[in-house]
Amino acid sequence: MSTEPPPPPDEDPFRKQPPPPGQGGGSPYGGEPSPGDGSPYGAAPPPYGGGDPYGGGPYATDPLAGMPPLADSGKRVLARIIDMVLVVIVVWLLTWGFGVNEYDMDADRIQYGKSFGQSLIALLLYVGYDVFMTSRSGQTLGKRWLHLRVANLDNGSTPSVQTNLVRALVLWVPFAFCCACIWTAVTGGWSFFDKPYKQGLHDKAAKTVVVSTG
């Protein structure tokens, strides 16, 4: 029987690993690492994958070093559309089953009293789906099928429940209650223009990125 201790149960296989000894982190954009591992001013270099990803600084390490390539924005949009279709089907079935419609029409007026109920059901399902799936593996079904994954920007690990909740609320609260079409276009299109991390607004709020897994 082997006497080797088992690996830690909470170890994340996607967490970034330090570079091999003697190799600097380098830049994913092709830049040459500076000679030596230390600072020219004598300060110790920051730990690999540590620090606030938005902290900046002239000697900050690149948080993308050691990560898979950033996901294509077009594939991100397609994955989100797949997820939306899946959740919309469930929302429609639930609202139909419970008689909660977007509006009820009679001979004199259109009543919108039940629209809030449908929006609330949609919000709970969208947020619950996103948080549950991405907290487990960093992937919703749409992302899994298109080989994408959500990762913490600072260390590449799978985001926590709290991080995913922030990400999901920023994405889905405006969508469910006020400006679905506009907000979908803004959040879906933001990563096409964001530099250097291709983040959506919800990624910026949660300090996450979406990377390719294959």
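The values are calculated or read from the model by the stated rules, or taken from the named source; none is laboratory data. No experiment lies behind these values; they were computed from the predicted model shown. Virtual Cβ from ideal backbone geometry, glycine too; neighbours counted across all protein chains shown. Note: areas computed on protein heavy atoms with side chains; ligands, DNA, RNA excluded. Shrake-Rupley method; radii C 1.70, N 1.55, O 1.52, S 1.80 Å.
Accessible area per residue for segment 161-213, computed on protein heavy atoms with a 1.4 Å probe, is 48 Å².
Segment A185..A205, full-extension length gain: 5.5 nm, with 0.36 nm per residue of separation and the alpha-carbon distance subtracted.
Once you list every other residue whose beta carbon is under 14 Å from the beta carbon of L78, what net charge do they have if Lys and Arg are +1 and Asp and Glu are -1? Around L78, the charge tally is +3. Ranked by the mean number of other Cβ atoms within 10 Å of their residues, highest first, the peptides 66-75, 138-147 come out as 138-147, 66-75. Solvent-accessible surface of protein heavy atoms, probed at 1.4 angstrom with all chains present, puts L86, L93 in the order L93, L86, largest first.
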